[in-house]
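What follows is one structure encoded as structure tokens, with my remarks underneath.
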Amino acid sequence: MPNPEKTSIKTGIIALIGPPNVGKSTLLNCLLGQKISIVSPKPQTTRNRIMGIVNGPDYQLVLLDTPGLHSARSPLNLAMVKVALDTLPEVDAILFMIDATLPKPKQESSQLDHLRKVNKPVMLAINKIDLVSKEKLLPILTAYQEMFPFTAMVPISALAKDGTATLLTEILTLMPTGPRLYPEDIPTDSTERFIVGEIIREKIFRRTNQEIPYSTAVVIDSFQEDEARHTATIHATILVEKGSQKGIIIGKGGITLKEIGKAARHEIQDLLGMPVMLKLWVKVQKNWSTNPRFLTELGL
Ligand SMILES: Nc1nc2c(ncn2[C@@H]2O[C@H](COP(=O)(O)OP(=O)(O)OP(=O)(O)O)[C@@H](O)[C@H]2O)c(=O)[nH]1
Ligand SMILES: [Mg+2]
């Protein structure tokens, strides 16, 4: 029997767009109520489009987390920005996000030029308000109001889950009505294999510095679930571009790699809901980040 409630709900797609490190992935995880997209204090953590499907009794919102917009021009950086901009034609609305502690109106105004071209409703989310006073927030609101015809401007803290319910309500006003686009029981279109690689990459971002995180990619070599024993065995290779970087990732007596593996394994176990054997290797693959074929393999 068709259920009229189910065929005429608010349902649509919104892209989370903005500079690196403003909290786009944190917001995706917050609205989804589950960690799908990796987060780190370093810019340019997210490299791919990450989908999160949020279901309510009378709505289904498809959120697309994207890599931060930036002006670095290496092949990897260009591919990441392209991933973000390529989402724009397929969405119903755009959420542009800035960091309340670090507004960069000039830079962000030129990023908004990309959004002017697609002619879709754009909302502004001003994130990290847990770190600024109300007096500091007001001039930011005024400046951005003059910059772009945002449909709404919502101050939030994605980390403290403050203002995010209001944000969700505002987003839903921009969504068309229709049937659900995806089944209710899938939170994302990413494979477990992909998320496992991302978790390992997050631990590298959190434990290494300078150019190391940016010179690193993770490839899952094998992923085997033993259903009878209810365990999984995962082999993954961390690629770096130079021998010296390999040494840093491994660390003195293997300590850094051990820590990366331990932290990743814990989180992967939570994801899969079973004990995990995780084996990590580090391999030098010169210039992986400028090799178009390899970038395509990484979904870039
Ligand atoms: N204090 C505070 N920190 C936040 C908030 N939201 C995110 N962060 C922190 O900001 C940093 C960046 O968060 P991400 O979610 O990775 O940011 P992003 O925009 O996805 O970054 P890229 O993927 O690099 O573009 C992390 O250290 C987060 O914990 C917030 O509301 N308040
Ligand atoms: Mg991110």
### Task
Go through Lys136/Lys203; Lys42/Lys136; Lys104/Lys258 and tell me which ones have a Cα-Cα distance over 29 Å in this structure.
Lys136/Lys203; Lys104/Lys258
### Message
Less than 16 Å apart at the alpha-carbon level, and either on another chain or at least 8 residues along: which aspartates and glutamates does that give for Lys10?
### Response
Asp58, Asp92, Glu170, Glu184
### Query
Amide H neighbours of Ala125 under 5 Å, counting only residues 5+ apart in sequence or on other chains, H built in-plane at 1.01 Å?
Phe96, Met97, Ile98, Val154
### Message
Under a Cβ-only charge scheme (Lys and Arg +1, Asp and Glu -1), can you give me the dipole magnitude of the range 4-178 about the Cα centre, in debye to the nearest 20?
### Response
500
### Task
State the antiparallel share, in %, of DSSP beta bridges confined to the chain, rounding to the nearest 5.
40
### Query
So, by mean Cβ neighbours within 10 angstrom, what's the order for 13-25, 212-224 with the highest one leading?
13-25, 212-224
### Cβ crowding within 10 Å averaged over residues, with 169-178, 202-211 ranked highest first
202-211, 169-178
### Cross-link pairs beyond the 29 Å C-alpha cut-off, checked among Lys161/Lys246; Lys128/Lys279; Lys35/Lys82; Lys82/Lys279
Lys161/Lys246; Lys128/Lys279; Lys82/Lys279
## Note on the structure
Helix-only [θ] at 222 nm, the chain, -39500 (n - 2.57) per DSSP H run of 4+, per residue, nearest 500, equals -11000 deg cm²/dmol
## Note on the structure
In nanometres, the difference between 0.36 nm per residue of separation and the alpha-carbon distance of Ser244 and Asp226 is 2.8 nm
### Message
Once you keep just the Cα pairs under 8 angstrom separated by 6 or more residues, what percentage relative contact order results for the chain?
### Response
18
#### Entry: Backbone HN-Hα couplings from phi across the range 121-134 [Karplus 6.51/-1.76/1.60, Hz, Gly and Pro as x]
x, 10, 9, 10, 10, 9, 9, 6, 6, 5, 9, 10, 7, 4
#### Entry: Under Karplus coefficients 6.51, -1.76 and 1.60, residue-wise ³J(HN,Hα) of the range 181-190 in Hz, glycine/proline x
7, 9, x, 6, 9, 10, x, 7, 9, 6
## Note on the structure
Counting only DSSP beta bridges with both partners in the range 4-178, the antiparallel fraction in percent, to the nearest 5, comes to 35
## Note on the structure
HN-Hα couplings for the range 20-32 via Karplus (6.51, -1.76, 1.60; θ = phi - 60°), in whole Hz with x for Gly/Pro, come out as x, 6, 7, x, 4, 5, 4, 5, 4, 4, 5, 5, 7
### Query
Which value, to two decimals, describes the C-alpha radius of gyration of the range 54-130 once divided by 2.2 N^0.38 Å?
1.21
#### Entry: Centre separation in Å (Cα based) which lies between the range 145-169 and the range 175-238
29
### Task
Sort the range 32-184 into rounded, prolate or oblate with this rule: let a ≥ b ≥ c be the square roots of the eigenvalues of the Cα gyration tensor; rounded if a/c is under 1.5, and if a/c is not under 1.5, prolate when a/b is larger than b/c, oblate otherwise.
rounded
### Summary
Compactness summary of the range 101-200: radius of gyration and Dmax from Cα atoms, Å, are 16.8, 45
### Task
Mind putting a number on the dipole of the range 192-297 about its Cα centre? Charges go on the C-beta only, +1 for Lys and Arg and -1 for Asp and Glu, and I need it in Debye to the nearest 20.
560
### Task
For Arg180 paired with Lys106, estimate the spin-label separation in nm (one decimal), with each label point 7 Å from Cα along the Cα-to-Cβ line.
4.9
### Message
Under 25 °C and 0.890 mPa s, how fast does the chain diffuse according to Stokes-Einstein, given a Kirkwood radius computed over C-alpha pairs? Answer in µm²/s, whole number.
### Response
120
### Query
Fewest first, what order do Leu131, Leu63 take by the number of other Cβ atoms within 10 Å?
Leu131, Leu63
### Task
For the chain, give the magnitude of the charge dipole about the Cα centre (Cβ charges: +1 Lys/Arg, -1 Asp/Glu; no others), in debye to the nearest 20.
1180
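A short reminder: the numbers here are calculations on the coordinates, not readings from a lab. Keep in mind that what you see is a predicted model, and the values were worked out from it rather than measured. Because the Cβ atoms are built from the backbone with ideal geometry, glycine has one as well, and the counts that use them run over all protein chains shown.
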